[in-house]
C-alpha cells in the first residue's frame, strides 16, 4: 500500500508550470547567410548564437525548371553556372549568356529563383544539351550528387583528359587548410558550412566559397571560373571540407582541376573516378600530413 505522503505514479514526470523555461525566441536574420538564435548550453546557460541560413534555390535553364537545391544564399549566379556545366546541360562556359534573378514569382520565392540564359543558337553551334531537357525530370535534387558506373562512362566521354602538367610541393599542400579556414567568414560565425577553395601551385588561394552543401560550394567555384572565362582550371588544386565524394571529383574533372584534396576520406567511387581521370586525389589533409590515393606524380616531396 502506498504511503499517504507518497506522490501518485507519474507525478514526478511533470515539471511544475512555474518552473518551465521560457520558450526560445524565433530566429532573427543577421545577414543573408546567417541568423541569430537564442540557445541554451549545458554549463553555460542561455546566450545568442548564429546558425547558417539554408534556403531552396530553383535553377532554370532557358525558363525551364531544372533543379531545386538547398543552399546558403549568396553567389547564386556562380552556383547556377557551375551546376549546368557540371551536370552536362551546357558543355561550354561560352554558351552562357547571362544569369538572371527571376522576379515574376511568389513573394516567398523572390531571390530564390535564377534562370540561366544561353547565347543565341548555342544549342546548334556549340553543342549544348538543351535538347535533352525533354527527357529529363522537371525537378531533381543536388543534395547527393550522382554516382554509378554509367555516370563514370558518361563523364569519360565528355570530359577532357587531365594533362600531367606541373607538380606542387607537399609543404604547400599542407598549408591549404589553414589558408582556407581564414577565408571561411560564415563558418567562423556559425560552424555550420562547408567550403571549397581553389589554390594555385604556389599555394595562393584564388577563390573560396561556402555553402551548406559541399557540392554547392564546388559548383560556386566552378561557376566563378566559368563566368570569368577562366576554365579549364589548369595547374590548380581544389580543397573541400568534409569527405571527397564521387560528385566532387566529377565536378572538378569537368572544370579541368588536376588535384583534389579533402580534410576527410574519399569514397571508393571517388578513387575510381580519379583513376579514370588520372587526377591526383588527396585525403585526410590535416595536422601536417595527407594521404595520396592516386596521382602521386604531381606532388614533390623531400
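Nothing in this text is a laboratory measurement; each read-out follows from the coordinates by a stated rule. All figures in this text were calculated on a predicted structure; none of them were measured in a lab. All Cβ positions, even for glycine, are placed from backbone atoms using ideal geometry, and neighbour counts span all protein chains on display.
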Placing one identical point scatterer on every Cα of the stretch 168-300 and ignoring solvent, what is log10 I(q)/I(0) from the Debye formula at q = 0.17, 0.19 Å⁻¹?
-0.80, -1.02
Highest mean first, what order results for 31-39, 286-294 on Cβ atoms within 10 Å?
31-39, 286-294
Report the calculated FRET efficiency for residue 291 and residue 169 (r = Cβ-Cβ distance, R0 = 25 Å), to the nearest 0.05.
0.90
Residue separation times 0.36 nm, minus the C-alpha to C-alpha distance between residue 54 and residue 108: what's the value?
18.0 nm
